[in-house]
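The values are calculated or read from the model by the stated rules, or taken from the named source; none is laboratory data. Remember, it's a predicted structure, so these values are computed and weren't measured experimentally. Using ideal geometry, Cβ is built from the backbone for each residue, glycine included, and neighbour counts are taken over all protein chains shown. Just so you know, the surface numbers come from the protein's heavy atoms only, side chains and all, with ligands and any DNA or RNA stripped out. Shrake-Rupley method; radii C 1.70, N 1.55, O 1.52, S 1.80 Å.
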Amino acid sequence: MCGIVGGIGNADFRSYILGGLKKLDYRGYDSAGIAYRLNGKINLIKTQGTVEKLDALVPDFQGADIAIGHTRWATHGVPNEINAHPQVSMNALIHIVHNGVIENFRALKTKLRSRGYTFRTQTDTEVIADLLEYHYIQNGKKDFIKAIENTMDELEGSYATAIILDKEERLYFMKKASPLLIGVSEQGHFLASDCVPMMHLTDKFVDLDDMEYGYMTKSELHLFKNHRQIPPKFVKRDVDDFRYDISGYEHFMLKEIEEAPYVLRRLADNYCVDGEYTFNPDMLESIRKADEVVFIACGTSYYASLFGVEFLNYMGKRATAYIASEWAYRPQRFSKKPLYIFLSQSGETADIVACQKIVNAEGLKNIAITNSKGSTLDRKATYGCLIYAGLEVGVAATKTYMAQVGFLSLLLGALTGSHSAVTHLDALIDAVRDIIERKEAIHELAKEVIKAPSLFYIGRGSDYNAALECALKLKEISYIHAEAYPGGELKHGPIALIEKDTPVIGLISSPAIALQLRNNIEELKARGAKTFIVCNASLSNGTDAFLTKEIKPYLAPLTKVVFGQYFSYYVAYEKGLPIDKPRNLAKAVTVE
Ligand code: F6R
């Protein structure tokens, strides 16, 4: 999982590559590097750490004709300077940046050793560079496209690459199972893992498909597949979808938590126009006809899909949710006419893409709900739906979670023919605004737990779904170990972990579970826990830590999630942690 960027032509390559890498650092940020050719000489600069660190090392340069850059999320080899990309082939004919994983790299290393190659790094990418170089030398340095074809025949795994070959006036590329887009502009040809780095240069793109490869010059693009040249298919991307602006906020996460009301409004405006739902009628029919709806997702998106299961169960439809990395290796099929729903912010999560391949190979219908038009899941789905949340930069998903569950609530409205879904969403928007106004109260509560080594969230029913998401947020942003439990479950074991001052946050969104949850909290308090209750205003007993406005019970847990987002944010803030880029994480997880 990494971000790559490259270009050939007469752009300002310093600002394009470094600016582009900053926009791609959601894909990883443990090391970074750049290679550019200036006056016929290739300059290579790499560092452990972020693109900002790289920026400080790269001199001002003008007049380069070709450049590539990389921001890394280490898979093979520790994040250090040597393992950072660009990687260079043994005889330095090739500089390459790579996003993906070469699964057979150990076997290929053995093969290359027998061909006289020795290795300088712990990466799998070095193997691609050496293989390309080996095949190129084998064919008398006559045909690099042939060398790419020979290399692709040997590689197993995923790759999106940009390749500078020695003194050639061409930027080569090849792609399998990792995203890669080419941007076409007056100034030259560009490529990147997504279109954001190129949006200021062009709105004309080519979305590369798996097993495509080729090269570009300043004015030409040559695309190949299966040994034949093919015509590129151009697509347009709208610049408005990709605003990358922190708008005076200290962190993107804070800005994005507070964008939820706008995002939910836009979602409702897109999917309900003049009182009529705009969902594809065939898609709705497919859901109605399915004998089971199977959600497949990861992380936050998986927790959002738990609401999808509940919403469909509510209308009497059988529905289940699976974690993609589990389902991919043990596909479960218990129904004759299943319909699959892939829920993914990025639309590129490798574990989900692997599941979609299985589903597509069986010719089964599937829906991809993503925040990324033209992403792999979106393109390969029978029905692609967008959540219109806009670019989310903070690594922790916040507004996109809200949009995913908001989308599912509107879908429920369309399936049941209920026109109140939009009114309910309006009430949610109002309740979120109310939390935003009172966020300082959450900040004060957060200060009480910053020294805690671990924390529990408890909830019953849908509040348990919310608790799962709140605990995930706290883990990833504040590095505090957090667990979510159904309120009644702690006494079956985990209560042994409760000691003096262990923080426990109880969530209450529905009168049906309020009393039981309060009893659970009392049991924990009796064992020394420091307890806080986040509760609907009407259900408060006057002692609760934070109150949320009254809204429909099926959406009320979302107000608890907004509490949890702020809570994690403020705990991390007080601890002085890198909120938008927590350690070891990346925004799009493009390795299985
Ligand atoms: C947590 C988070 C991750 C993602 C997960 C799936 O804040 O962002 O848990 O939800 O990696 O990513 P997508 O939704 O892009 O498939």
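Here's a check for you: in the range 308-342, which residue that is closer than 22 Å to Ala403 by Cβ and within 16 Å of the ligand (Cβ to nearest atom) is surrounded by the fewest Cβ atoms within 10 Å (Cβ to Cβ)?
For the range 308-342, the residue satisfying everything is Ile323.
Could you check the range 106-134 and list, in sequence order, the residues that are among the aromatic types (Phe, Trp, Tyr) and either in contact with a Ser or Thr (Cβ under 7 Å, 6 or more places away or on another chain) or under 21 Å from Ile145 (Cα atoms) (or both)?
Listed by number, the list holds a single entry, Tyr134.
Please go through (1) assigned to a strand (DSSP E or B); (2) of a type outside the set (A, V, I, L, M); (3) over 20 Å from the mean Cα position of the chain (by Cα) for Lys176 and return the number of the only condition it doesn't satisfy.
Unmet condition: (3).
List the number of the failed condition for Thr202; all other conditions in (1) out of contact with any strand residue (DSSP E or B) (no Cβ under 6 Å at 6 or more places or on another chain); (2) farther than 23 Å from Thr400 by Cβ hold.
Thr202 satisfies every listed condition except (1).
If I filter the range 23-54 down to residues being of a type in the set (D, E, K, R) and surrounded by fewer than 19 Cβ atoms within 10 Å (Cβ to Cβ), which single residue comes out as nearest to His189 (Cα to Cα)?
Of everything passing the filter in the range 23-54, Lys41 is nearest to His189 (Cα to Cα).
Would you pick out the residues in the range 568-588 that are within 16 Å of the ligand (Cβ to nearest atom) and outside any loop (DSSP other than H, G, I, E, B)?
Ser568, Tyr569, Val571, Ala572
Can you tell me which residues in the range 470-484 are in contact with a His (Cβ under 9 Å, 6 or more places away or on another chain) and away from the ligand (no atom under 14 Å from the Cβ)?
Answer for the range 470-484, where residues must be in contact with a His (Cβ under 9 Å, 6 or more places away or on another chain) and away from the ligand (no atom under 14 Å from the Cβ): there is none.
Only one of these is over 26 Å from Ala396 (Cβ atoms), open to solvent by 70 Å² or more (accessible area, probe 1.4 Å) and away from the ligand (no atom under 16 Å from the Cβ): Arg265, Arg288. Name it.
When all the criteria are applied, what remains is Arg288.
I'd like to know if the range 437-453 contains one or more residues that are at pLDDT 95 or above, open to solvent by less than 10 Å² (accessible area, probe 1.4 Å), in contact with a Phe, Trp or Tyr (Cβ under 9 Å, 6 or more places away or on another chain) and not small (Gly, Ala, Ser).
The answer is yes, given that some residue of the range 437-453 is at pLDDT 95 or above, open to solvent by less than 10 Å² (accessible area, probe 1.4 Å), in contact with a Phe, Trp or Tyr (Cβ under 9 Å, 6 or more places away or on another chain) and not small (Gly, Ala, Ser).
List every residue pair whose Cβ atoms sit under 7 Å apart, with the two residues 6 or more apart in sequence or on different chains, where the first one lies in the range 100-113 and is at pLDDT 95 or above and the second, anywhere, is of a type in the set (Phe, Trp, Tyr).
What qualifies is Lys109/Phe119; Leu112/Tyr134.
Looking only at the range 318-371, count every residue that is within 22 Å of the chain's Cα centre (by Cα) and of a type in the set (D, E, K, R) and tell me the total.
Matching residues across the range 318-371 total 4.
Being more than 25 Å from Val5 (Cβ to Cβ), in contact with an Asp or Glu (Cβ under 6 Å, 6 or more places away or on another chain) and open to solvent by 10 Å² or more (accessible area, probe 1.4 Å) is the filter here, so list the residues in the range 96-118 that pass it.
Asn104, Tyr117
Of all residues being assigned to a helix (DSSP H, G or I) and of a type in the set (A, V, I, L, M, F, W, C) in the range 131-156, which is farthest from Ala177 (Cα to Cα)? Just the residue, please.
Ile137
Only one of (1) assigned to a loop (DSSP other than H, G, I, E, B); (2) free of Cβ contacts under 8 Å to residues at least 40 places away in the same chain fails for Phe61. Which number is that?
Among (1) assigned to a loop (DSSP other than H, G, I, E, B); (2) free of Cβ contacts under 8 Å to residues at least 40 places away in the same chain, the lone unmet condition for Phe61 is (2).
Under 6 Å between Cβ atoms, which residue pairs at least 6 apart in sequence (or on different chains) link something in the range 70-95 that is in contact (Cβ under 8 Å) with a residue 60 or more places away in the chain and open to solvent by 30 Å² or more (accessible area, probe 1.4 Å) with a partner that is of a type outside the set (Gly, Ala, Ser) and part of a loop (DSSP other than H, G, I, E, B)?
Partner pairs satisfying both residue conditions: Trp73/Met1; Thr75/Val101; Thr75/Val591.
Pull up the range 343-368, narrow it to residues that are within 16 Å of the ligand (Cβ to nearest atom) and assigned to a loop (DSSP other than H, G, I, E, B), then point me to the one that is least open to solvent (accessible area, probe 1.4 Å).
Gly347
List every residue pair whose Cβ atoms lie under 6 Å apart, where the two residues are 6 or more positions apart in sequence or sit on different chains, the first residue falls within the range 148-172 and is touching a residue at least 60 places away in the same chain (Cβ under 8 Å), and the second residue, located anywhere, is among the charged types (D, E, K, R).
Ser158/Lys176; Tyr159/Lys176; Ala160/Lys175
Say whether the condition of being out of contact with any helix residue (DSSP H, G or I) (no Cβ under 6 Å at 6 or more places or on another chain), open to solvent by 10 Å² or more (accessible area, probe 1.4 Å) and away from the ligand (no atom under 11 Å from the Cβ) is met by at least one residue in the range 554-567.
Taking every residue of the range 554-567 in turn, at least one turns out to be out of contact with any helix residue (DSSP H, G or I) (no Cβ under 6 Å at 6 or more places or on another chain), open to solvent by 10 Å² or more (accessible area, probe 1.4 Å) and away from the ligand (no atom under 11 Å from the Cβ).
Evaluate the range 378-394: report whether one residue or more is outside any strand (DSSP E or B), within 11 Å of the ligand (Cβ to nearest atom), among the hydrophobic types (A, V, I, L, M, F, W, C) and within 12 Å of the chain's Cα centre (by Cα).
Within the range 378-394, not a single residue is outside any strand (DSSP E or B), within 11 Å of the ligand (Cβ to nearest atom), among the hydrophobic types (A, V, I, L, M, F, W, C) and within 12 Å of the chain's Cα centre (by Cα).
Working only within the range 496-510, note down all residues that are out of contact with any helix residue (DSSP H, G or I) (no Cβ under 6 Å at 6 or more places or on another chain) and either at pLDDT 95 or above or farther than 16 Å from Ala467 by Cβ (or both).
Ala496, Glu499, Lys500, Asp501, Thr502, Pro503, Ile505
What is the number of the single condition among (1) without any contact (Cβ under 8 Å) to a residue 40 or more places away in the chain; (2) surrounded by 22 or more Cβ atoms within 10 Å (Cβ to Cβ); (3) more than 24 Å from Lys552 (Cβ to Cβ) that Glu522 does not meet?
All conditions are met except number (2).
Got a sec? Which of Lys23, Lys53, Lys46 is modelled with pLDDT of 90 or more, over 14 Å from Ile164 (Cβ atoms) and assigned to a helix (DSSP H, G or I)?
Every option except Lys53 fails the conditions.
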